[in-house]
1. With 28 Å as the limit, write out which pairs from K328/K350; K459/K709; K112/K378 have Cα-Cα distances beyond it, or answer none.
2. Pulled fully out, how much extra length does the chain show between K72 and E131, if you take 0.36 nm times their separation in residues and subtract their Cα-Cα distance?
3. What FRET efficiency comes out for the pair E234/I708, r = Cβ-Cβ distance, R0 = 35 Å, nearest 0.05?
4. Got a sec? Which residues in region 752-767 would a label at A743 touch, if it sits 7 Å along Cα→Cβ and we count backbone N under 18 Å?
5. Pairs K93/K581; K388/K656; K347/K470: which are spaced more than 27 Å apart, C-alpha to C-alpha?
6. Expected output is a single nm value to one decimal: the length gained when fully extending between S249 and V887, i.e. 0.36 nm times separation in residues minus the C-alpha distance. What is it?
7. Any idea how far apart N81 and R728 come out in nm if each label point goes 7 Å out from Cα toward Cβ?
8. Residue-wise, which Karplus ³J(HN,Hα) couplings in Hz belong to region 225-240, taking 6.51 cos²θ - 1.76 cosθ + 1.60, θ = phi - 60°, and x for glycine or proline?
Amino acid sequence: MDFKQLFQKYSKKVKHLWKTGKVQKSSRVTYDVVWNVILFFLIISFIGMFFAGGIGAGYFASLVKDEPIRSKEAMKKDIYNYEETTSLYFADKIYLGDVRSDIHREETSLDKISPTLIDAVIATEDEYFEEHKGVVPKAIVRAIMQEALNSDVKTGGSTLTQQLIKNQILTNEVSFERKAKEILLALRLERFFEKDEILEAYLNIVPYGRNASGQNIAGIQTAAQGIFGLNADEVNLAQAAYLAGLPQSPSAYTPFANGGGLKEESGLQPGINRMKSVLNRMYDAEYISEKQYKEAMEYDIKSDFAKGKKSPIEEYPYLTVELQERAKNIIKEYLIEKDGYTLEDVKGNKKLNEEYSILAERSIETDGFHIYSTIDKKIYDVFQKVAKNYEHYGPDRTFTDTNPETGKTVEITEKVQTGAVLRENSTGKIISFVGGRGHKDNQNRHATETLRSPGSTIKPLLDYAPAMEKGYIQPGTVLADYAKKLPGWDYNEPSNYGGGHYGIVSARTALTNSYNMPAAEIYTRMIHENPAKEYLVDKMGISTLTKEEQAYPSLAIGATEKGITVEENVSAFSTFGNNGKFVDGYMIEKITTNDGDVIYQHETKPTDVFSPQTTYLTVDMMRDVINQGTGAYLRSQLSNGGVDWAGKTGTSQDYKDAWFIATNPNVTFGTWIGYDTPHSIYNTGMSLSYSKRNIKLWAQLINSAADIKPELITPSDRFKQPEGIVSRSYCAISGMLPSELCAKAGLVKTDLFNVKYVPTKKDDSLIGGSYVTVNGKAVVAGPNTPSEFVKGDGLAFNPEWLKRNGYDNLSDLSQLYPRTGTEKWEKISGPSGGKVGSAIKDDGKSPAAPSSLSKSGGKLTWSKSGSNDVVGYRIYKASAGGDLSLVGSTVDTSYPIGGESAVYRVKAVDYFGKESSPSKELIVGDTDKKEPEKPEKDQDKKKDEKKPDDKKEENKDKKDKEDQDDSKPDEEKQDSEEASENNGGETNTGDKEENANP
């Protein structure tokens, strides 16, 4: 039977049953039963769901009961409270980098983010972002089911809105309570804010792993810059997909290692795989075409990763730390004032002071300030290069020290370090600085925080300029440098370089050659007025000097317990370059918020310190330091020789520090070298002295800066002489107006004066009178001095003048003679009577006879008497058979004779008129005695048989003249010789400042 026949057979049976009504009856019963069962379960389910919903709602309510109802303003404050990194800038708004921080973030706005990047984020993180009201219910249910079933695959249920809430208001805690609060706040946030506002906030807060320097980064702009070196609106499709995939697992997907630089190949693959997943989602969501999808999938993203580079703290360690420290202090003051306190309130409250220090440090790391510095990038870069490559610092020093904690002896090696500061005079801007030779080896900021003794660089600031301002001295004021006792000092202290003295010199000469005794004497004249506090502390901002140090007489030559910084010293020195007005140095021009609001703007506040007249006179004296004094080596090292520089060298006790600071009409620049643990930098094995090594470094740095900004660093303008400066002649003996006798002595000099303090009294240091020459020195003739040896138009020191100046107790007036032009002073005699200035005392003995009498040509010659008080010689002659008779006298050791045959003898005559025994006789011509016309043998022998005292006196002049160079180390003799050449023959002394406290 086929299928058709079967169908017909059964069809007939169904029709028969239908006609009888059995089918209808059976169906109706079944329907009723099924419907009742379904209805029962629907009612039970509805009741259960209602019950469960009630329980769930109650549970949800219990979870969020402690969550406060937040206003729009409160939520806005929380949502936009980014921990944004503070940025640092060189001068001219050149970006330097970010301050040290736990996380780096730069805020941006939605219009500065690529639309492709926005699409990638939405497709990856929240495909229903534009539609939902803060949450996606099915996503939440899915996440709950996955959590309940402990599924290995978890898709997550958080929208971008929820992620924003979690990051900015709540925590990352995994709990139903936190999730419930997150949902509640997300719904509320969507009521208050537009989608673009929420999206922008999210993109600014989300973490993105690490950048090429290994720093933690957050925010899309920081990520784009840190990973690809691009702005967020410059990325292509593949780059956008890579960035969008990072937030799911920033540490796993970031291409960079913790310490910076790319990961290994295997470490890069997870991020690339994640990028491809994002591209898939973008394609599925129809954000990109198939062609774009395929091209992006094949894109070599690895070639776009930013190259590893140093962070600002690595590339500019000294500068970054310095700016951050200074900014912290400024922001601390800003926060204090913002909270209604005064600086005095906080400084007087230790706890409050510490609290604001912490707040300021946190603020600078998280509040996204922009700190604009005064540092010129090009000059700063070249300074670091010069300092790093300089070859003449000197050798490293290795020594042992005991660790105070462990008691163990350790070996320490230190380099000669350096610090330098270049600043503008008129504004105080610090243009550049050198913090040291390498931050890795030594973190001390030698330019701004290391305290060292300033040595003689303090002399213009504390001694000469204040003394001229107060009328104590002028450049032509004479000062006597000889062994004496000054108030507050031991006898013959402070000593000069080499231990010698320089006699009566002008203030200009004393500063030019850095003599210590004159500087100390100037300071003692005014120390009762406390010039250290008045000028250094109150007017020129040197804050490190203690009250005790301010009272030390030895501060006159730079003796300090702690010292001052290079920055403070240079800033004080710039007063001379700014017409006597002090302007404090600064390194931060302004600080703004991320929105551009200025919270700090530096204001230059000049302080009057010195008058224009005092300033110019000091500058003019310091020109001589460079032109012919202790800094004369500089001129040979400068690339721009025509610049009007005025400066000062400085050396601390035992050669522990070497300084050089100089100013011109635009800028002031100073350098220092020394070991961190103070120790002598003097080294005889080097070709350059310690001072020259520092000056050469100074010159190389300033030459490099001049190549970059010649109009600023090497101006053609010179310091202008103000009104009230006059040129006047003065007597070099007394500093008074020249007298006829001073002019006769050839000791009139000319210098500049403040017209208020020109000399008004005529010199009275000299008197006229008869004199004789004893050992080459003029001495006033005594009552018994033979008249034939006396000259009637001589000069002598006025006893009253000597007494008035305290010179009347000197055993030898030659102590007053300067090292240059000494021959003019030697012609001035001391007072008569064997008192002041005269070593001539009547010993009651006749002088020693002259020796070695002989005939040379038409003259008799002989060796001088060995006695110290001889004023001349008498010549005796005897003709054939006759007696000896006096035929002449002379102050020389020769006498002309005729051709007559005769016998000659010579006698020495002393200051008191006594004659010596006659010399051996000399027979000339044909007489009864036939003797050769030559000295007798015993006379020749006696020539070399001088008494010890005689030799001592004979060498005295030579010793005096060589005292300076003989007392110097060999390398400093070289300095003096070079300076002498530059000075046209004037010997230049070294720069030694003795720093021991009296």
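No lab work stands behind these numbers, since they all come straight from the coordinates. Model, not experiment: these values are computed from the prediction. Methodologically, a virtual Cβ is constructed for each residue, glycine included, from the backbone with ideal geometry; neighbour enumeration extends over all protein chains shown.
1. Working: K328/K350 17 Å; K459/K709 31 Å; K112/K378 31 Å.
Table pairs above 28 Å Cα-Cα are K459/K709; K112/K378.
2. Values: separation 59, 0.36 × 59 = 21.24 nm, distance 2.14 nm.
Residue separation times 0.36 nm, minus the Cα-Cα distance, leaves 19.1 nm.
3. On the way: r = 32 Å, r/R0 = 0.91.
With a Förster radius of 35 Å, E is 0.65.
4. 759-767
5. Details: K93/K581 29 Å; K388/K656 21 Å; K347/K470 36 Å.
Check vs 27 Å cut-off fails for K93/K581; K347/K470.
6. Details: separation 638, 0.36 × 638 = 229.68 nm, distance 12.18 nm.
Value of the extension gain: 217.5 nm.
7. 7.2 nm
8. Result, rounded to whole Hz: 5, x, 9, 10, x, 10, 7, 5, 9, 10, 6, 8, 4, 5, 5, 4.
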